[in-house]
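The values are calculated or read from the model by the stated rules, or taken from the named source; none is laboratory data. Not measured: the values here are computed from a predicted model. Because the Cβ atoms are built from the backbone with ideal geometry, glycine has one as well, and the counts that use them run over all protein chains shown. Accessible surface is based on the protein model in full, side chains and every heavy atom, while ligands, DNA and RNA are left aside. Shrake-Rupley method; radii C 1.70, N 1.55, O 1.52, S 1.80 Å.
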Amino acid sequence: MSPNLAMISDGMKFMWDGQPYETKEEASQAAKSYQNENFQIQMVEEGGKFLVYTRRTAKEWAAAVQ
């Protein structure tokens with residue numbers, strides 16, 4: 001199995017957390033911990049494994065000093 005490191009969903013880029021999970025329950029637990037840290041998540045089943053993709057947006061942009 002060679003999953004994509006990144007995926008696009010609804011025009012947003014998500015990055016794979018690098019861990020293939022054996023069960024949907026394991027993936028859901030990981031996803032919940034990411035959500036608790038303000039990540040958006042997508043779960044995908046591929047090759048009998050479950051993959052968790054995460055995305056975090058910046059809360060504010062740093063102002064450029066000129």
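Side notes on the structure shown:
- Using the 1.4 Å probe convention, the accessible area of the chain works out to 77 Å² per residue with neighbouring protein chains retained.
- Using distinct alpha-carbon pairs, which all enter the 1/r mean, Kirkwood radius of the chain in Å: 12.9 Å
- Neighbourhood net charge (12 Å Cβ-Cβ; Lys/Arg +1, Asp/Glu -1) for residue 3: -2
- Net +/- balance of residues flanking residue 14 in space, Cβ distance below 13 Å, scoring K and R +1, D and E -1: +1
- Over the chain: helical MRE at 222 nm, DSSP H runs n ≥ 4 each giving -39500 (n - 2.57), nearest 500: -6000 deg cm²/dmol
- Accessible surface of the chain, 1.4 Å probe: 48 percent of it comes from carbon and sulfur atoms.
- Annotation: peptides 6-14, 49-57, ranked by per-residue average of other Cβ atoms within 10 Å with the highest first, follow the order 49-57, 6-14.
- Net charge over other residues, Cβ less than 12 angstrom from the Cβ of residue 27 (K, R count +1; D, E count -1): -3
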